[in-house]
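Colleague: One structure follows; several queries about it will come next.
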Amino acid sequence: MTITVIHLRDIIRALPDRWDEQYPKNRATADKLAIGKHLRVLDLEKATPADIERVIGNGSWTSMRCHECQQDQSPLVRIGEEPDCDANWVDVCPECLEKAVHALATSPVKP
C-alpha cells in the first residue's frame, strides 16, 4: 500500500498516456484514436476538466471525488493501489482526512 497526493493538474497531464494505455493503437477503434490525437494537442497546463469532457464525452477521466464526502476536491490523498479493476484504494480530501485523524486521536484505547 502507498500514500500519494493527487492533484487535478497531474491527472490532466497524465491523461494522454493513460488514454493510450486504455486504448492501444493496435486495438483502438477510429473514434478512440481520434480522441487520443485530440488529447495530445491540448495545452495540458491550461486544460480544464470541461475541456477534457468536451474531447472525451464524459467527466470520468478527470474526476477528483473524495470517497468519504463525495465532493470533487483537489488535492486528494490516495491510500492504496493505483486504480484498476482489481485494485484497492481510497481517495480522501484533506478535510475528511483531518476528521479521520481526529477520530483516531480521540478514540478510546482498547487493549
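Colleague: GNM on the chain, C-alpha springs below 10 Å: top fluctuator among Cys66, Cys85, Cys96?
Modeller: Looking only at Cys66, Cys85, Cys96, the largest GNM fluctuation is found for Cys85.
Colleague: Also, I was wondering about something else. Which one of Ile79, His67, Leu42 is farthest out on the positive end of the charge dipole of segment 2-106, using unit charges on Cβ (Lys, Arg +1; Asp, Glu -1) and the Cα centre as origin?
Modeller: Leu42
Colleague: Moving to a separate point now. Loop-only GluC sites (Glu not before Pro) in segment 3-103, please: DSSP not H, G, I, E or B, and at most 11 other Cβ atoms within 10 Å.
Modeller: Sparse-neighbourhood loop GluC sites (Glu not before Pro): Glu45.
Colleague: Per DSSP helix of 4 or more residues, -39500 (n - 2.57); summed, then divided by the residues of the chain. What does that give at 222 nm, rounded to the nearest 500? Could the numbers behind the result be given before it?
Modeller: Values: 4 runs with 48 residues, N = 111.
It comes out at -13500 deg cm²/dmol, rounded to the nearest 500.
Colleague: Evaluate 2.2 N^0.38 Å with N set to the residue count of segment 1-50, then give the Cα radius of gyration divided by it. Mind showing how you got there, number by number?
Modeller: Values: Rg = 12.6 Å, N = 50, 2.2 N^0.38 = 9.7 Å.
Compactness ratio reported: 1.29.
Colleague: With springs only between Cα atoms under 10 Å, which of Asp20, Asp51, Asp86 fluctuates most in a Gaussian network model of the chain?
Modeller: Residue with maximal mean-square fluctuation among Asp20, Asp51, Asp86: Asp86.
Colleague: I'd like the FRET efficiency for Asp10 and Asn58, computed as 1/(1 + (r/R0)^6) with the beta carbon distance as r and R0 of 22 Å, rounded to 0.05.
Modeller: 0.65
Colleague: Applying the Karplus parametrisation 6.51 cos²θ - 1.76 cosθ + 1.60 with θ = phi - 60° to the phi angles of segment 27-37, what ³J(HN,Hα) value in whole Hz is obtained for each residue in order, glycine and proline being reported as x?
Modeller: With the stated coefficients, segment 27-37 comes to 10, 7, 6, 4, 5, 5, 5, 5, 4, x, 4 Hz.
Colleague: Related question: Can you tell me the alpha carbon radius of gyration of the chain divided by the globular rule-of-thumb value 2.2 N^0.38 Å?
Modeller: Values: Rg = 17.3 Å, N = 111, 2.2 N^0.38 = 13.2 Å.
Its radius of gyration relative to the 2.2 N^0.38 Å reference: 1.31.
Colleague: Calculate the translational D of segment 63-103 in whole µm² s⁻¹ from Stokes-Einstein, where the hydrodynamic radius comes from the Kirkwood formula applied to all Cα pairs, the temperature is 10 °C and the viscosity 1.306 mPa s.
Modeller: Estimated via Stokes-Einstein, D reaches 151 µm²/s.
Read-outs throughout are calculated quantities, based only on the coordinates presented, and are distinct from any laboratory measurement. Keep in mind that what you see is a predicted model, and the values were worked out from it rather than measured. When we count neighbours, we look across all protein chains shown, and the Cβ atoms used for this are built from the backbone with ideal geometry, even at glycine.
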